[in-house]
Amino acid sequence: MFTEEDSDDSSTLLESNDPLYDDVADHNDDAWLKEKLKLVELRSGRQTDAVLSCPMCFVVFTFDCQRHAYYKNQFRAMFVEETCQVVIDQILKCIPEKDQNVVEEQVLHPVRCRQCGVEVAVYDQDEVYHFFNVIHESPYA
């Protein structure tokens, strides 16, 4: 058990005794993420709303997305990593309700995680990914 005198050294003690912690790897990972986010800002001219990952195997899908204005757990993205697999031979149709002003139905394709196969998004005819089943984390927190 730690005393208050030991509390300043407790994090150093835990890090040095943890066989899964690597300070150099942690620093390199942080630098890699910052570089990725800087490229996103240069390409799109804005900061991303979140980094999206698979809820089953945790691979990253995108570093550049926008949060849905109404549904806070949904995101859209145009640029994704190769971890996303669009199922082209499967078509989902979204038929508008009668009270909506939209006339034509929307053709969508399911998007799955290439690593584990879980469905995480749909891909529309405008080449936009709509993510709904993902882990989202703000990279700026």
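Please list, in chain and number order, the residues 5+ apart from THR62 or on another chain whose amide H is under 5 Å from its amide H, with Hs placed from the backbone. For THR62, the qualifying residues are LEU52, GLU81.
Whole-percent P(r), region 38-141, all Cα pairs, 10 Å bins from 0: 15, 44, 30, 10, 0. Fewest neighbouring Cβ atoms within 10 Å first, the residues LEU42, LEU108 line up as LEU42, LEU108.
Counting only Cβ charges, +1 for Lys and Arg and -1 for Asp and Glu, the dipole size of region 48-141 around its Cα centre is about 280 debye.
Label zone (GLN85, point 7 Å along Cα-to-C-beta; backbone nitrogen cut-off 14 Å) within region 107-139: 110-121.
Readers should treat all values here as calculations from the given coordinates under stated rules, not as data from a laboratory. Every value quoted in this text rests on a predicted model; they were computed, and no experiment measured them. Counting neighbours? That spans all protein chains shown, and the Cβs are built from the backbone with ideal geometry, glycine included.
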